[in-house]
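Derivation of every value follows stated rules applied to the coordinates shown; laboratory data play no part. The model shown is predicted, which means the values in this text are computed figures rather than measured ones. Glycine gets a Cβ as well: all are built from the backbone with ideal geometry, and neighbour counts include every protein chain shown.
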Amino acid sequence: MEPENVSVAMSEISIILIEDHDLTRMGLRTALQSHSGLKVIGEAANATQGLKLLESAKPDVAVVDIGLPDMDGIELTRKFKRQQAETGQATKILILTMDHTEDAVLAAFAAGADSYYMKETSISRLTEAIQATHTGNSWIDPAIANVVLRRMRQGLPGEAQANDKPKTVKIEALATEYEQVLETYPLTQRELEILELIVAGCSNGQIAEKLYITVGTVKTHVRNILNKLCADDRTQAAVRALRSGLVG
């Protein structure tokens, strides 16, 4: 019985949370702890505590908020990755943020972040992102996929180029049946315009403002887009649009 218990424990992904908002951190911990394959082994409310915790706890994955009070998550990542290069520690860094501007995204990956996750995405997606990150893939949120894919073609600047082993990007493939659906029910020009804005991370209100249409009309188009792409939500639609080449 004892060896079996050890095996189960070893199969869990150990996680630390570095997040200054208490309620957000508590919510993340509760949600992640409910997943059988994940275990939160430590928490920190600022970057200084976070760096110490990274060194002592040696987790598989650290979920790091980009907006920490004493030092932002990007600088924390940069410092930790330099330290990691000397110690050989295998911890992966998943940046947690509301910021999908190009500067923030590229700075995070240049600092050595392994994945970039938007806070408004569902918690079930976070468990998927953590698992993908743990296995050595870069999980990128669809809201910033265009930025990363474009830059990956050019090569990331700075420290990220120092990694010897190339990473793969966790983006869902568009299955054949979805392609067949699109052939039968192609997207209209307006739907393609809205899909591009969804991929860019725009809300319904922002889309309405940019295209000079009502929010109600946007919602109708979004619903049609989801149906045609066989997508459950905007995130899934954005990923399938990128993967299928509907949006470049």
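Quick one: how many residues across region 88-123 are in a helix (DSSP H, G or I) and either within 22 Å of ASN46 (Cα to Cα) or touching a residue at least 24 places away in the same chain (Cβ under 8 Å) (or both)?
Matching residues across region 88-123 total 9.
Here THR77 clears all of (1) among the β-branched types (Val, Ile, Thr); (2) crowded, with 22+ Cβ neighbours inside 10 Å; (3) assigned to a strand (DSSP E or B) except the condition numbered (3).
In region 18-28, is there at least one residue being among the basic types (Lys, Arg), surrounded by 14 or more Cβ atoms within 10 Å (Cβ to Cβ), assigned to a helix (DSSP H, G or I) and in contact (Cβ under 8 Å) with a residue 60 or more places away in the chain? No; the residues of region 18-28 include none that is among the basic types (Lys, Arg), surrounded by 14 or more Cβ atoms within 10 Å (Cβ to Cβ), assigned to a helix (DSSP H, G or I) and in contact (Cβ under 8 Å) with a residue 60 or more places away in the chain. Looking across region 196-229, the residues that are in contact with a His (Cβ under 9 Å, 6 or more places away or on another chain) and in contact (Cβ under 8 Å) with a residue 24 or more places away in the chain come down to ALA200, GLY201.
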